[in-house]
Amino acid sequence: MKGFLSTVRAELFKLARKRRTVVLAAFLWLLVPALLLFIGWLIQTRVAGTFADGGLNVRELVQLVASPVSIARNLLLLLGNLSPSLLIILVALTAALLMGEERTQNMWKTVLTVQPNRVAVLSGKLAAGMLYLGALLFGMFLSGLLWGALGTLFLPTTFGAGLGELAGLYALQWLFSLAALLFAFLMVWLLRSLTLGIVAIFFLPALLEGAYGFYQVVVGFERLNRFNALLQALRLRSTLEELPRYFFSTNLYAPAREPVAALARLFGGLGGDAAVQPGSTPFGNLLAPSLSHAALVMGVYALIFGVLLFWSFARRDIV
């Protein structure tokens, strides 16, 4: 336990004094929420009273963009609805600092000489990384509320509803990021290269999921060929057709996509979560599985990545 706590303190000390931490905090806590507030002000001052105001409720639009809860919600949406996603960028930067820099600066032998318990070292780095991500996400949530509260002084906005639900989505997204952080640590550790590790973190899940999507669209599982005949003989075709519901990216960003999932289902003409198939409709990328399903899937991913990471880290020689 002493080795674990010492590692956590050392890694948090290092994270707090890195320039990238200040840049990320300024971007996530100051620049983006201020930009959302500015957009709300532009809508209020430039659209209200014009011809567009007749068919558009400007007050409601400003409320959706610049109220305290709305700014915090829009910041959450940014975590999982960009390409590459903001969350995976934060995870990759964290893994690069905690795992990659030890190799690029040839520090592993020094670290393990000071603290020879490899499990304590790796666990401490993971705990520090999760605390770091948690601080960034909590700062996003809190800054959204504060900037939105500032906007109520000069915009026709109210605080907004759904604060408790939104806080729960932030907490759930932070928990889901454990699987992503384990995956990022694993890639950086196995590939023995910070550059290759970052590339794998960004593109490996998308490449594998894209290859599946390409086969499904171009060939399909209904067409008669040797591969599909083999799947049918092994009774695996229906399993593969359901595979997108278990994709890493589909489930990782489920909390961040939950605020727009209801709207996507409404406009996509889908009735319930059971009908959701990611990629099956124009809104397929927004239609995440249920949060309970996503939590189970991400728990399995975290277990698999964690076992592989700790097993490899404990047995592999440090060079």
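For the stretch 17-36, a tally of residues being over 19 Å from the mean Cα position of the chain (by Cα) and either surrounded by 15 or more Cβ atoms within 10 Å (Cβ to Cβ) or in contact (Cβ under 8 Å) with a residue 40 or more places away in the chain (or both) returns 4. Scoring S177 on the criteria (1) surrounded by 22 or more Cβ atoms within 10 Å (Cβ to Cβ); (2) more than 27 Å from A26 (Cβ to Cβ) leaves a single failure, condition (2). Within the stretch 144-174, the set of residues being of a type in the set (G, A, S) and buried (at least 21 other Cβ atoms within 10 Å of the Cβ) comprises G144, G148, G151. Return a yes/no flag: does the stretch 75-92 have any residue that is more than 15 Å from the chain's Cα centre (by Cα), touching a residue at least 12 places away in the same chain (Cβ under 8 Å) and under 25 Å from F203 (Cβ atoms). No, the stretch 75-92 contains no residue that is more than 15 Å from the chain's Cα centre (by Cα), touching a residue at least 12 places away in the same chain (Cβ under 8 Å) and under 25 Å from F203 (Cβ atoms). Of everything in the stretch 1-52 that is in contact with a Lys or Arg (Cβ under 9 Å, 6 or more places away or on another chain) and in a helix (DSSP H, G or I), the residue that is farthest from T113 (Cα to Cα) is Q44. Looking at A120, A127, A135, which is the one that is within 23 Å of S177 (Cβ to Cβ), without any contact (Cβ under 8 Å) to a residue 24 or more places away in the chain and part of a helix (DSSP H, G or I)? Just one listed residue meets the conditions, A135. Does the stretch 135-158 contain any residue that is farther than 17 Å from N74 by Cα, at pLDDT 95 or above and out of contact with any His (no Cβ under 6 Å at 6 or more places or on another chain)? Checking the stretch 135-158: at least one residue is farther than 17 Å from N74 by Cα, at pLDDT 95 or above and out of contact with any His (no Cβ under 6 Å at 6 or more places or on another chain). The set of residues from the stretch 147-174 being in contact (Cβ under 8 Å) with a residue 12 or more places away in the chain and aliphatic (A, V, I, L, M) comprises A149, L150, L155, A161, L163, L166, A167, L169, L172.
One line per residue, one yes/no per condition, for (1) modelled with pLDDT under 95; (2) within 14 Å of F310 (Cα to Cα):
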| residue | (1), (2) |
| --- | --- |
| R103 | yes, no |
| L122 | yes, yes |
| L126 | no, yes |
| L131 | no, no |
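When K14 is tested against (1) under 30 Å from L194 (Cα atoms); (2) exposed (fewer than 13 other Cβ atoms within 10 Å of the Cβ); (3) among the basic types (K, R), only condition (2) is not met.
Exactly one residue among A171, A161 is within 24 Å of A302 (Cβ to Cβ) and not β-branched (V, I, T), and that residue is A171. For the residues L263, L190, L172, L207, the requirement of being closer than 24 Å to L137 by Cβ and at pLDDT 85 or above singles out L172.
The values are calculated or read from the model by the stated rules, or taken from the named source; none is laboratory data. Keep in mind that what you see is a predicted model, and the values were worked out from it rather than measured. Note that each Cβ is placed from the backbone with ideal geometry, even for glycine, and that neighbours are counted across all protein chains shown.
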